[in-house]
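Chemist: Mind looking over this structure? Questions follow.
The values are calculated or read from the model by the stated rules, or taken from the named source; none is laboratory data. In this text, all values refer to a predicted model and were calculated from it rather than measured experimentally. Methodologically, a virtual Cβ is constructed for each residue, glycine included, from the backbone with ideal geometry; neighbour enumeration extends over all protein chains shown. Accessible surface areas use protein heavy atoms only, side chains included; no ligands, DNA or RNA. Shrake-Rupley method; radii C 1.70, N 1.55, O 1.52, S 1.80 Å.
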Amino acid sequence: MKFKDYKYERPDFQKISATIDEITKECVEEKNVDNLIKLIDKSNEIKSHFSSMQTLVFIRNTLNTVDEYYQKEVEEIQNNSPIVTSSYHKLAKVLVNHSLREKLEEVYGKYWFLQMELSLKTFDDSIMDLMVEESKLSLEYDKLMASCQVEFMGKVNNLSQLRKYLSDTNRDIRKEAMLKICDFLGQKEELIDDIFDKLVHVRDQMAKKLGYENYVELGYARMGRTDYNANDVKLYREQVLKYLVPISQTIIENNLKRIKVSDAKFYDLGLEFLDGNSTPKGNKEELVSKAMKMYSEMSRETKEFFSFMVEHDLLDLETKPGKANGGYCTYIPDYKSPFIFSNFNGTKGDVDVLTHEAGHAFMAYSCRDSINNPDLCWPTSEACEIHSMSMEFFSYPWMNLFFLDDEIKYKISHMSSAITFIPYGVCVDHFQHIIYENPQFTKEERKQVWSKLEKLYTPWRNMEDIPLYKKGCYWYNQPHIFSSPFYYIDYTLAQVCAFEFYLNSLEDRDVAWNRYVKLCKLGGSMSFLNLLKEVGLENPFVEGTMANIVNRLLPVIDNLNQK
């Protein structure tokens with residue numbers, strides 16, 4: 001069956017809620033563990049189907065944001081999902097306090113119950129209206145960003161297409177493309193500020209209704225973090241500032257020397273080679289064909305996985321009018337199908353999609369038969385990003401397929417951006433901590449906070465000649481700030497773990513690969529730090545981990561630059 005034939009039906013929210021409520025009542029009275037397991041399994045089957053319908057709506061809405069049918073269905077999901085969430089919340093409360101909990105933990109694992117306990121701290125019927133409002137505001141931001149239609153270089157471009165020109169060898173084109181992006185964002189500045197202002201206050205109200213001082217702790221709970229907290233992240237950010245910012249500064253300076261720019265501005269950072277950055281060779285069909293060859297040769301598991309993705313049309317990669325920006329991977333439980341969404345624009349990022357998002361999809365595919373509990377299919381997001389970022393590195397031996405003579409250029413660029421990304425990712429995280437600790441900040445004060453942090457973590461960003469960014473608005477480009485608060489640090493944590501997988505693969509590829517496959521098959525059955533321990537990866541929060549990885553990376557970088 002092809003993706004287009006995957007059937008969507010609007011969920012009967014009231015019926016689902018009533019069924020879960022009835023299961024909850026039976027669970028309260030049930031004293032036989034086998035019968036209790038049957039009830040739980042039934043509730044999980046219902047949740048998987050409901051998740052499938054939510055996911056299909058999300059995918060089809062992002063494929064065409066102007067499709068009125070799926071616009072309406074998204075609204076229905078947004079308005080009514082809290083009813084279902086409320087019922088599952090009541091069921092979770094019963095299960096975590098059940099007299100047979102220890103017996104249930106033997107079947108479902110202790111971690112699931114820890115996750116349910118945490119989820120109980122993130123929801124109450126009193127915040128249902130706020131959750132609906134939060135979802136609407138996030139969608140409003142997405143639609144606003146997808147509305148970009150800017151004439152440049154003889155054609156109409158969306159944001160993804162405009163960003164392609166930020167790596168052009170012609171400096172004037174780079175600058176003009178960035179100014180075009182800023183013109184669009186500048187025209188929407190008041191709208192974007194208003195959306196974010198409302199989101200901050202909605203989330204702050206949620207937190208206070210649930211008894212939190214502010215949204216930070218609630219945000220961590222909503223991310224499912226059970227084995228580290230904001231203080232651990234603070235110490236991690238300090239390690240990044242100490243070890244990663246200096247090496248990133250050196251990498252950027254070397255890139256600028258290579259392109260012979262002495263008065264570097266922000267719009268110069270997208271170009272890394274004087275004769276142009278590496279670009280993939282081939283159209284979408286050719287790149288997918290090359291990916292098929294790569295995954296067929298990589299391992300038996302990846303060959304089976306990617307064949308499934310292609311056979312069922314589970315990759316939508318081309319930019320089209322009305323299509324949402326960005327890229328993602330998601331999973332449709334009813335069809336045991338991952339789905340990859342992207343906007344190819346002719347840059348090296350197109351290949352990154354075929355490795356990064358495919359890493360997510362490979363994880364979901366790897367545990368689709370072994371993990372039936374919908375709450376444990378995906379780990380928390382920092383662990384999820386290990387799958388994707390590590391796949392990028394495991395794909396290195398096949399990059400000649402995609403880039404031909406540009407292979408080394410790609411690897412230099414990929415390694416450089418993987419390192420220099422971490423300080424930026426930490427900047428985004430630090431920004432969110434400050435904003436949610438100070439929800440009373442004005443729109444201008446938020447921009448001042450961003451400007452200060454940007455100079456601290458990414459001092460190589462010279463925003464002269466770019467008025468909008470100079471006054472602290474670059475964060476408008478980061479959708480996670482709007483839709484997924486506190487997510488962004490997870491990319492950086494995962495990147496550190498991916499570096500370790502890569503460095504280990506240089507010593508023994510088979511051992512590293514087998515550990516990676518093991519991690520994928522574990523899905524979300526363990527917490528982040530326990531997953532790392534299970535596959536022999538270092539704890540990134542511990543002092544010394546960052547320094548050790550940086551020291552091991554330096555000779556690899558030097559070796560690449562000498563080729």
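Chemist: Going through GLU73, GLU106, GLU45, GLU102 one at a time, which residue ends up being surrounded by 18 or more Cβ atoms within 10 Å (Cβ to Cβ), modelled with pLDDT of 95 or more and of a type in the set (Asp, Glu)?
Modeler: Details: GLU106 fails: surrounded by 18 or more Cβ atoms within 10 Å (Cβ to Cβ); GLU45 fails: surrounded by 18 or more Cβ atoms within 10 Å (Cβ to Cβ); GLU102 fails: surrounded by 18 or more Cβ atoms within 10 Å (Cβ to Cβ).
Just one listed residue meets the conditions, GLU73.
Chemist: If we keep just the residues of the range 393-418 that are open to solvent by 20 Å² or more (accessible area, probe 1.4 Å) and in contact (Cβ under 8 Å) with a residue 12 or more places away in the chain, which is nearest to the chain's Cα centre (by Cα)? Let's see the steps before the verdict.
Modeler: So the first thing to find is which residues in the range 393-418 are open to solvent by 20 Å² or more (accessible area, probe 1.4 Å), and the list is 397-398, 400-401, 404-409, 411, 417.
Still in the running and in contact (Cβ under 8 Å) with a residue 12 or more places away in the chain: 398, 401, 404, 406-409, 411.
Working: TRP398: 24, LEU401: 27, LEU404: 29, ASP406: 28, GLU407: 26, ILE408: 27, LYS409: 26, LYS411: 22 Å.
Only one residue tops the list, namely LYS411.
Chemist: Could you check the range 485-527 and list, in sequence order, the residues that are assigned to a helix (DSSP H, G or I) and either touching a Cys at 6+ places or on another chain (Cβ under 8 Å) or among the aromatic types (Phe, Trp, Tyr) (or both)?
Modeler: Initially, the range 485-527 is screened for residues assigned to a helix (DSSP H, G or I), giving 489-507, 509-522.
Passing the criteria: ASP490, TYR491, ALA494, PHE499, PHE501, TYR502, TRP513, TYR516, CYS520, LYS521, LEU522.
Chemist: Go over the candidates LEU56, LEU36 one by one and state the one that is at pLDDT 95 or above, surrounded by 14 or more Cβ atoms within 10 Å (Cβ to Cβ) and touching a Phe, Trp or Tyr at 6+ places or on another chain (Cβ under 8 Å).
Modeler: Working: LEU36 fails: touching a Phe, Trp or Tyr at 6+ places or on another chain (Cβ under 8 Å).
The match here is LEU56.
Chemist: Mind checking which residues of the range 34-58 are of a type in the set (Lys, Arg) and within 30 Å of GLN71 (Cβ to Cβ)?
Modeler: Kept after step one, since they are of a type in the set (Lys, Arg), are these residues of the range 34-58: 38, 42, 47.
Correct list: LYS47 only.
Chemist: Okay, moving on. Of all residues being open to solvent by less than 30 Å² (accessible area, probe 1.4 Å) and within 17 Å of the chain's Cα centre (by Cα) in the range 222-236, which is nearest to ILE127 (Cα to Cα)? Just the residue, please.
Modeler: Of the range 222-236, the ones open to solvent by less than 30 Å² (accessible area, probe 1.4 Å) are 224-225, 228, 233, 236.
Narrowing further to those that are within 17 Å of the chain's Cα centre (by Cα): 224-225.
Details: GLY224: 18, ARG225: 21 Å.
Filtering first and then ranking leaves GLY224.
Chemist: Also: Quick check: is even one residue across the range 41-52 farther than 14 Å from ASP334 by Cβ and not acidic (Asp, Glu)? Break it down into steps so the answer makes sense when it comes.
Modeler: Of the residues in the range 41-52, the ones farther than 14 Å from ASP334 by Cβ are 41-43.
Filter once more, so that each one left must be not acidic (Asp, Glu): 42-43.
Checking the range 41-52: at least one residue is farther than 14 Å from ASP334 by Cβ and not acidic (Asp, Glu).
Chemist: In the range 311-330, what residues are open to solvent by 20 Å² or more (accessible area, probe 1.4 Å), out of contact with any His (no Cβ under 8 Å at 6 or more places or on another chain) and at pLDDT 95 or above?
Modeler: Scanning the range 311-330 gives GLU311, HIS312, ASP313, LEU315, ASP316, THR330.
Chemist: Let me spell it out: the conditions are (1) surrounded by fewer than 16 Cβ atoms within 10 Å (Cβ to Cβ); (2) in contact with a Lys or Arg (Cβ under 7 Å, 6 or more places away or on another chain), and LEU560 meets all of them except one. Which number is the exception?
Modeler: (1)
Chemist: With the structure loaded, tell me whether ASN158 is polar (S, T, N, Q), closer than 30 Å to ASN277 by Cβ and surrounded by 17 or more Cβ atoms within 10 Å (Cβ to Cβ) or whether it fails that test. Break it down into steps so the answer makes sense when it comes.
Modeler: Values: polar (S, T, N, Q): yes; closer than 30 Å to ASN277 by Cβ: yes; surrounded by 17 or more Cβ atoms within 10 Å (Cβ to Cβ): yes.
Spelling it out, ASN158 is indeed polar (S, T, N, Q), closer than 30 Å to ASN277 by Cβ and surrounded by 17 or more Cβ atoms within 10 Å (Cβ to Cβ).
Chemist: Here are GLU253, GLU272: which of them is among the acidic types (Asp, Glu), surrounded by 18 or more Cβ atoms within 10 Å (Cβ to Cβ) and under 30 Å from PHE402 (Cβ atoms)?
Modeler: On the way: GLU253 fails: surrounded by 18 or more Cβ atoms within 10 Å (Cβ to Cβ).
Only one candidate qualifies: GLU272.
Chemist: Please determine whether any residue of the range 367-376 is open to solvent by less than 40 Å² (accessible area, probe 1.4 Å), closer than 27 Å to ASN514 by Cβ and of a type in the set (S, T, N, Q).
Modeler: Yes, the conditions are met somewhere in the range 367-376.
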